[in-house]
Amino acid sequence: MNKPDKQSNIPMLKYIALWFTIWRVHLELIAWAARKMVPIREGFLGSVPWANFDGLHYLSIAERGYVQFEQAFFPVYPILIRRLGILLHDDFLLAGLLISNICFIGVLILTWKLVIKLFYRRKNRETIARQTIISLLFFPTSYYFGSVYTESLFLLCVLGAWYLLLEHRRILFGIVAGIASGIRFVGAFLGVPVGLIMYMHYLYQSTGDPLLFIHAQPAFGANRTGGDLIILPQVIWRYMKIYTTVPLYQYDYWIAVLEMAIFLFSLVVLWCAWKSKLPRNWIYFSLLSIVMPTLTGTLSSMPRYVLVAFPMFIVLGMMREPYRNQLLGVLYVLFIILTALFVTGHWVA
């Protein structure tokens, strides 16, 4: 697994550049068509389609610092937006989009390299790498990687940390893992919660509440608790009540269906990752990253949270035809639908 890959990186970079461009063109075309065909909800729209919902908060923090309840959002991403935004003559929106898209290219490169390392004994390792890239690009909520959200930066740090660990560069692993925990809480599951501890210290000094990032959660709806832990069976029971009480024609009903479906799908695919003998620490991290948010009492945002469970995409890349093509067809249709909803201001995740 640790055998170095001596092949040229040029074919990899060409492949990634091509498909990243295809993916970006898809996003822009979907956004253009959606804004003509789908009713727009203006409550949480940014100045461009890729800065909706949480993107508004990240830009606000970058420009003005934290205001009430925005402490729910960790600081590393908005700090980077601010630093780059100042260099771009206070264009913080452009800064956020550049960071997310450049980091996503890094995610694709590291994904390829990890797959090649993992399957270095297999002759079809490059085929698996290519299929993994496609699975990641056209996952139903992959548009978050190109938006003013933390997904690209966070996953880049996660993959970078695992790659450095495989290379036995433990000091650099610790640095990158520590940064990850300052981007999102679940980064602490990499085992180096330095960023989390620093943020908690800042919150204690500035507000007196080191856990304000948890206690502020109810302010953003979705029936999240602000500290009480709700175990998964209770969460599932809540969703069963939604399915039996909310009318089928309501938008919230279908979002609840999506949240449950993506959650169960991720668990099944991670079980397949376990059976396929993918690295156990990758799977443990992925499971913790998916299950931990459910302790707030909801599966809200789950279609986005599962993006960090990168062993899922490797499993999809390992699937044989025609099953892989059939599944990717379903995921691609969802990719179009969910992107169209997101860019028109409809809550997805």
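The values are calculated or read from the model by the stated rules, or taken from the named source; none is laboratory data. The model shown is predicted, which means the values in this text are computed figures rather than measured ones. A quick note on method: Cβ atoms are made from the backbone with ideal geometry, for glycine too, and the neighbour counts reach across all protein chains shown.
Looking across region 304-343 at every residue that is surrounded by 21 or more Cβ atoms within 10 Å (Cβ to Cβ) and small (G, A, S), the one that is nearest to I236 (Cα to Cα) is identified as A309.
Residue-by-condition table, conditions (1) of a type outside the set (A, V, I, L, M, F, W, C); (2) surrounded by 15 or more Cβ atoms within 10 Å (Cβ to Cβ):
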{"site": "F173", "(1), (2)": "no, yes"}
{"site": "G187", "(1), (2)": "yes, yes"}
{"site": "P210", "(1), (2)": "yes, yes"}
{"site": "H215", "(1), (2)": "yes, yes"}
{"site": "R224", "(1), (2)": "yes, yes"}
{"site": "D228", "(1), (2)": "yes, no"}
{"site": "S266", "(1), (2)": "yes, yes"}
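When F313 is tested against the conditions (1) assigned to a helix (DSSP H, G or I); (2) on the phi > 0 side of the Ramachandran plot, the lone failure is (2).
For (1) modelled with pLDDT of 95 or more; (2) over 14 Å from the mean Cα position of the chain (by Cα); (3) among the hydrophobic types (A, V, I, L, M, F, W, C), each residue gets a yes or a no:
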position: A309; (1), (2), (3): yes, no, yes
position: I314; (1), (2), (3): yes, yes, yes
position: V333; (1), (2), (3): yes, yes, yes
position: L338; (1), (2), (3): yes, yes, yes
position: T344; (1), (2), (3): yes, yes, no
position: W347; (1), (2), (3): no, yes, yes
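Scanning region 105-144 for residues that are assigned to a loop (DSSP other than H, G, I, E, B), hydroxyl-bearing (S, T, Y) and either in contact with a helix residue (DSSP H, G or I) (Cβ under 9 Å, 6 or more places away or on another chain) or buried (at least 24 other Cβ atoms within 10 Å of the Cβ) (or both) yields one hit, T141.
Within region 294-303, the set of residues being surrounded by 20 or more Cβ atoms within 10 Å (Cβ to Cβ) and either assigned to a helix (DSSP H, G or I) or not small (G, A, S) (or both) comprises T294, T296, T298, L299, M302, P303. Look at (1) over 21 Å from the mean Cα position of the chain (by Cα); (2) touching a residue at least 12 places away in the same chain (Cβ under 8 Å) and you find that Y204 fails only one, number (2). The residue that is surrounded by the fewest Cβ atoms within 10 Å (Cβ to Cβ), counting only those in region 46-69 that are of a type in the set (S, T, N, Q) and outside any helix (DSSP H, G or I), is Q68. If you go through region 81-104 and pick out every residue that is in a helix (DSSP H, G or I) and either surrounded by 19 or more Cβ atoms within 10 Å (Cβ to Cβ) or of a type in the set (D, E, K, R) (or both), you end up with 13. Examine region 221-231 for a residue that is under 29 Å from I175 (Cβ atoms) and touching a residue at least 40 places away in the same chain (Cβ under 8 Å), and state whether such a residue exists. No, every residue in region 221-231 fails to be under 29 Å from I175 (Cβ atoms) and touching a residue at least 40 places away in the same chain (Cβ under 8 Å).
Let's see how each residue does on (1) part of a loop (DSSP other than H, G, I, E, B); (2) of a type in the set (G, A, S):
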residue	(1), (2)
D209	yes, no
S266	no, yes
L270	no, no
W282	no, no
F285	no, no
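The set of residues in region 245-264 being β-branched (V, I, T), surrounded by 14 or more Cβ atoms within 10 Å (Cβ to Cβ) and either without any contact (Cβ under 8 Å) to a residue 40 or more places away in the chain or over 20 Å from L307 (Cβ atoms) (or both) consists of V246, V257.
Going residue by residue through region 326-343, is there one that turns out to be part of a loop (DSSP other than H, G, I, E, B), in contact (Cβ under 8 Å) with a residue 12 or more places away in the chain and out of contact with any Cys (no Cβ under 7 Å at 6 or more places or on another chain)? The answer is no, given that none of the residues of region 326-343 is part of a loop (DSSP other than H, G, I, E, B), in contact (Cβ under 8 Å) with a residue 12 or more places away in the chain and out of contact with any Cys (no Cβ under 7 Å at 6 or more places or on another chain).
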